[in-house]
Amino acid sequence: MTDLTKLEADLSAAVAGAADLTALEAVRVAALGKSGSISELLKSLGGMSPDERREQGPRINGLRDRLQGAIAARKADLETAELDARLAAERVDLTLPAAPRRKGGVHPTMQVMDEMIAVFAEMGFSVAEGPDIETDFNNFTALNFPPKHPAREMHDTFFLPADESGERKVLRTHTSPVQVRVMHKTNEKLPSWIAAGQEPPIRVIVPGRTFRKDSDQTHTPMFHQIEGLVIDKNIHMGHLKWTLETFIARFFETDAVETRFRPHHFPFTEPSAEMDVKCDRSGGEVKIGQGEDWLEILGCGMVHPNVLRNCGLDPDVWQGFAFGCGVDRLGVLKYGMPDLRDMFASDVRWLDHYGFSAFQAPNQASGLS
Ligand code: PHE
């Protein structure tokens, strides 16, 4: 008859002494495997007399249970130790500079955005933000688009399915709804990054994503705009023109860039204009400071009195100007990219070529680009 006490002591010692998971598995197989020592004992129960079996059964089964428990506990310990060892061995020192061959880069859109913000920040503008999904009221109604007016379609809007109240939200077609958010007093509980209800005087820019059903060499269904809004007393077109011309000269870091204002129509500004930049498109890519072509880069105008009223401001006291500028387009112009759609094609070769270092944030002191 096997000495169960001795067997248990031997097996316990073997479990405790197993140095790694492979050794532990060997102990398990030797005891509990198909022809392991405990399995053999369990098999021998069949050949015992009923009295013997009544006595030995619980002892052998108890031994098996205790051994299984001991193996599981040892396994957990070994796994923890193995993980700790791996964590220690694979430790990454985040304070080391990034290896140059694996560097990430700043996308041209974000670079241009930062450059624009740097220029406007120096002129005293602060940054406001709003959400990509907008109410019809903020995107259209408050901006003086009449209900059912075709101008709503003019923007090739992406409408979302109606919610329980029947309201159809939109992917904002421009950053202008943030004008409304900045001026309008709201009772809505909004996340802290969303602009809401400032008292004039107001001087903000609004960088953000915008969406329209449009795709060709100079349009992508998702693109970026920076909105500008200035509200104060005695503001006129001269302020608007100076601000935008100064911005363009500083952004392109040259006075050689020619611009022109063309009369235009927007429901939310009166008078309204578009600004074009002179460029050359003959060689397949857009070059600035030469050529005879014009590329439209922004819409602007004096804030319509109805918009001020819709936001609770008295147009006899407050006036202002606003503009909305295509960010990606300015990148195409400044950095000479052939096609706007490449911006969002996620081609790593393109990103390597046109991307920027993350370690050189643009600012007016050290230069923008
Ligand atoms: N929101 C207009 C557009 O996207 C641009 C604009 C902004 C025009 C502000 C005037 C004033 O086309």
With every protein chain in place, the accessible area of R260 for a 1.4 Å probe, in Å² rounded to the nearest 10, comes to 80
For K43, counting only lysines whose alpha-carbon sits under 26 Å away and dropping same-chain residues fewer than eight positions off, the answer is K6, K34
Rounded to one decimal in Å, the inverse mean reciprocal Cα-Cα distance for the stretch 177-312, i.e. its Kirkwood radius, is 16.9
For K213 the rounded accessible area (nearest 10 Å², probe 1.4 Å, non-protein molecules ignored) is 120
Taking only Cα atoms of the chain, the Rg to Rh ratio with Kirkwood Rh works out at 1.35
Note to self: with every protein chain in place and a 1.4 Å probe, the chain gives an accessible area per residue in Å² of 54
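Rg(Cα) of the stretch 28-120 divided by 2.2 N^0.38 Å? Don't skip to the answer; put the middle values down first.
Values: Rg = 30.8 Å, N = 93, 2.2 N^0.38 = 12.3 Å.
Relative to the rule-of-thumb radius for its length, the stretch 28-120 sits at 2.50.
Order M237, M337 by their accessible area, 1.4 angstrom probe, all chains in place, largest first.
Ranked list, largest accessible area first: M237, M337.
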Rounded to the nearest 10, the angle in degrees between the Cα long axis of helix 21-32 and the longest principal axis of the Cα atoms of the chain comes to 40
So the number of lysine pairs in the stretch 108-354 with alpha-carbon atoms under 16 angstrom apart, 8 or more residues apart or on different chains, is 5
Expected sort for 266-277, 38-49 on mean C-beta neighbours within 10 Å, highest first, is 266-277, 38-49
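The values are calculated or read from the model by the stated rules, or taken from the named source; none is laboratory data. These numbers were taken from a predicted model, which means no experiment stands behind them. No Cβ is skipped: glycine too gets one built from the backbone with ideal geometry, and neighbour counts run over all protein chains shown. Just so you know, the surface numbers come from the protein's heavy atoms only, side chains and all, with ligands and any DNA or RNA stripped out. Shrake-Rupley method; radii C 1.70, N 1.55, O 1.52, S 1.80 Å.
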